[in-house]
Amino acid sequence: MSAVTIDQPQTPPSKTFRRRSKFERAISSLGFWRGLAGILVFLVLWEAAAYLKATLDFTIPFFGKLPAPTLVAAAAAEVVVQPGYWWSWVESFKRVLGGFIIAMILGIPFGLALAVNKYFRDVFFPPFEILRPIPPLAWVPASLIFWPTNEMSIIFVTFLGAFFTIVINVLGGARTIDVRYLRAAQSMGANQWHLFSRIILPGTLPSIFTGAAVGMGITWNVVLAAEMVSGGGSQAGGGLGFFIWSSYMGGSMEHIIVGMISIGIAGYLSSALIRWLGERTMPWQRAF
Amino acid sequence: MTIGAVPSSVDHATGKSRIELKNVSRGFGEEWAREEVVQNLSFEIKPGDLTCIVGPSGCGKSTIVNLVAGYDAPESGEILLNGQKITGPGKDRMVVFQETALMPWQTTFDNVAFGPKLRGDGARADIDREAHRLLEKVGLGDFKRKFPSQLSGGMQRRAELARALINKPLLLIMDEPFRGLDAMSRPLMQEFFLRLFEENRRTNLFVTSEIEEAIFLADRLVILSNRPAQVRAIIEIPLPRPREFHMMNSPEVFEIKREALAILHDEAMKSFGGSVGAGARQMDVMEARP
């Protein structure tokens, strides 16, 4: 019998076995560099097209009408130091997250209720299916009328964009849960609440996150359009959609593109957030 | 559904129970499209026996599993467990499902401990200890924290067995449990399962479509007819236990196999013969499609 010595490490520390960080692994992969090369080639072509237009007056279709990326970058450098630009981000994010979170809070229970209760489904599914094909933007005029402020109507339309997608995904996910899981749980003595909380809810999670990811994309579409339509009003100003619209009104192509790229980044950040949450919530999905 | 009653006098540790099916019938569909799946089916499983149900594919084996497990109820007749009528699913009858039905969102350990924890059967520490013991026993000691998707097919089957056994069922129902395993792991799983069964001989209803597997494992074969399922033959397997693979080479096994295959072939031909015309017509329709 020998006493365990705590201060002596079992294996000598070795640099070669250090687990590399996610970032290190990303930049050491060929795929990363190919992606970077793709973006660079795109930018060079774009720059060249603008150069041809300026020097030879030769317009390459579509590309030639755009300001050069260097000009866009210069405009962006000007814009990002102005607090107004960042307020556009805040405004849009507030609307997207507001509508999205309300859609999740109402959509997930509604979808689950449709899935588990036949009577509930019989009553609520038909009206739901009639309202679902209406594009969220078709609701804009009506919602401007029946909500007291523009801000509320934008959030309402944003909510609609995500709500239907989330409900359909939750319903589909819950209805396709393998019946053997439910049967196994029943044999082990599960009651109705157990079946719901231990099988149906975790079994639906992947679909909830799929619905959330798709819904988030729709939300961005809707919020920008809604901002363009109503954002210039006196009550609810700003937002990235209004940023683009006012740049258009002011005739600044550079600012339009800055706004568009900002939306790309904002959308990417939103879906990255959902992916991150999904991985944290469903460890079994990435376990291989 | 009510949970099937468990007679308190029965010893759960050994799980020796008697199952009787008495004139059980179950069909599906409305009157105009009626399909009888099980009709007047009667047989008995003796305490401590491993009974294999073999039958042509589509003969209603899965329906029988659902009826005995209590997921479905017979339209007439009754199923008795130690003399008590089965009225719904219960922990006294555990099912090991086709392929695997481990819950993918739980670790192997949580899957195994699921049943007792759900019911609050005893202290958590005791349940954990029992789950650890069973996982060690089925050789998954190092895989407790893994999710089912990280296990191989054979490991998943063993985890399923542990998940069923922790509930100390009176009857273990195995519905083609080794289907889908590759040719290497299937005999290994059969042998592993046999050792587990022979340890305490928990009454077992084993459904399979592989006649060799059935002879190797079973005390008795119940050979079913074509749909609607009825007992076509009952064959006792006189092989001693513990069973070994070499026993499968004996002349008596050969004779049993020949006999069973003859019956099964006969039944399979009936279903085939009945549907040849329909199948051919179906092909015509498909070919005629533009």
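The values are calculated or read from the model by the stated rules, or taken from the named source; none is laboratory data. In this text, all values refer to a predicted model and were calculated from it rather than measured experimentally. Every residue, glycine among them, receives a Cβ derived from its backbone with ideal geometry; neighbour counts consider all protein chains shown.
Just a few scattered comments:
- From the list B:ILE86, B:ILE64, B:ILE19, the lone residue that is crowded, with 19+ Cβ neighbours inside 10 Å and within 14 Å of another protein chain (Cβ to nearest Cβ) is B:ILE86.
- Test: residue in the stretch A:175-188 that is part of a helix (DSSP H, G or I) and among the hydroxyl-bearing types (Ser, Thr, Tyr): yes
- Some residue of the stretch A:199-216 being more than 14 Å from chain B (Cβ to nearest Cβ), crowded, with 19+ Cβ neighbours inside 10 Å, under 30 Å from A:ALA77 (Cα atoms) and in contact (Cβ under 8 Å) with a residue 60 or more places away in the chain: yes
- The stretch A:115-154 - residue that is more than 24 Å from A:ALA226 (Cβ to Cβ) and touching a residue at least 60 places away in the same chain (Cβ under 8 Å) and, of those, nearest to the chain's Cα centre (by Cα): A:ALA115
- Filter pass, A:THR59 being without any contact (Cβ under 8 Å) to a residue 40 or more places away in the chain, surrounded by fewer than 17 Cβ atoms within 10 Å (Cβ to Cβ) and in contact with a helix residue (DSSP H, G or I) (Cβ under 8 Å, 6 or more places away or on another chain): yes
- Taking the stretch B:161-209 as the range and being free of Cβ contacts under 8 Å to residues at least 12 places away in the same chain and outside any helix (DSSP H, G or I) as the test, the residues that pass are B:ALA183, B:MET184.
- Flag if B:GLU287 is at pLDDT 90 or above and assigned to a helix (DSSP H, G or I): no
- Candidates B:GLU75, B:GLU99, filtered to the one that is within 11 Å of another protein chain (Cβ to nearest Cβ), among the acidic types (Asp, Glu) and surrounded by fewer than 19 Cβ atoms within 10 Å (Cβ to Cβ): B:GLU99
- Looking across the stretch B:102-115 at every residue that is over 17 Å from the mean Cα position of the chain (by Cα) and among the aliphatic types (A, V, I, L, M), the one that is surrounded by the fewest Cβ atoms within 10 Å (Cβ to Cβ) is identified as B:MET103.
- Residue ID - nearest to B:ARG227 (Cα to Cα), chosen from residues in the stretch B:47-90 that are part of a helix (DSSP H, G or I) and aliphatic (A, V, I, L, M): B:ILE64
- Restricting the stretch A:169-197 to residues that are within 27 Å of B:MET174 (Cβ to Cβ) and of a type in the set (D, E, K, R), the residue that is farthest from the other protein chains (Cβ to nearest Cβ) is A:ASP178.
- Some residue of the stretch B:31-44 being modelled with pLDDT under 90, under 16 Å from the mean Cα position of the chain (by Cα) and buried (at least 18 other Cβ atoms within 10 Å of the Cβ): no
- Options B:GLU160, B:GLU78; residue that is of a type in the set (Asp, Glu) and touching a Lys or Arg at 6+ places or on another chain (Cβ under 6 Å): B:GLU78
- When residues in the stretch B:107-147 are screened for being of a type in the set (S, T, N, Q) and more than 9 Å from chain A (Cβ to nearest Cβ), 2 of them pass.
- Residue ID - surrounded by the fewest Cβ atoms within 10 Å (Cβ to Cβ), chosen from residues in the stretch B:148-196 that are of a type in the set (Asp, Glu) and away from chain A (no Cβ under 13 Å): B:ASP182
- Output for the stretch A:240-288, where each listed residue is within 14 Å of chain B (Cβ to nearest Cβ), crowded, with 16+ Cβ neighbours inside 10 Å, part of a helix (DSSP H, G or I) and in contact (Cβ under 8 Å) with a residue 40 or more places away in the chain: A:GLY278, A:GLN285
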